[in-house]
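Below: one structure, written as structure tokens.
A short reminder: the numbers here are calculations on the coordinates, not readings from a lab. The structure presented is a predicted model; accordingly, all values stated were derived computationally and were not measured. Cβ placement follows ideal geometry from the backbone for every residue including glycine, while neighbour counts extend to all protein chains displayed.
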Amino acid sequence: MTSFAPRDPQQDILLAPENSVFVIIDYQPTQITSIGSMDRHLLIQNIIATTKLMRDFNVPIVLSTVNVGTGRNKDTIPELKAVLGDTPSLDRTTINAWEDQEFNQVVKQLGRKNIIMTALWTEACLTFPALDALSEGYNVYPVVDAVGGTSVDAHEAALR
């Protein structure tokens, strides 16, 4: 049996640590408490487990929050911050992270076409940047068991 030459992880559409970036958007107390599509404790366990996995595989992590600097929201939940360590947080004032210049620039500078994306809420903070990234030629992979919406219907519609 003869195998093909090894795949080039830099160019491959399949996820690999060398061609992917992990994006975490808005895992803040207000967003967590408004999740209605799944058990909140399970959601937190899942985002923490996914983040640990990405760290173990040395996938770059981009963390974003909304309106912490304005005082409207609190920072990323402590359980997740503990796993993220010194990962900087990019705070923004827009719902769509892709519309934030700093966030957009950091993701693009990494030069990776596969975005593993998590965000709260599915129907806004995940869907909006995912659609924008797709329109610019990125491949977007939402972690469906680590994201949540304000309702089951909103979550499922956004994923579709």
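Some values worked out for this structure:
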| item | result |
| --- | --- |
| Calculated FRET efficiency for the pair residue 4/residue 95, C-beta based, R₀ 45 Å, to 0.05 | 0.55 |
| Leading residue at positive end of dipole, the chain (Cβ point charges), from 97, 76, 38 | 76 |
| For region 1-49 and region 65-129, distance of Cα centres in Å | 14 |
| Cross-link partners of residue 52 among lysines (Cα-Cα below 20 Å; sequence separation of 8 or more within a chain) | 81 |
| Distance in nm between pseudo-label sites at residue 14 and residue 157 (7 Å out along the Cβ direction from Cα) | 3.7 |
| Dipole in debye (nearest 20) - region 59-156, about Cα centre, beta carbon charges: Lys, Arg +1; Asp, Glu -1 | 260 |
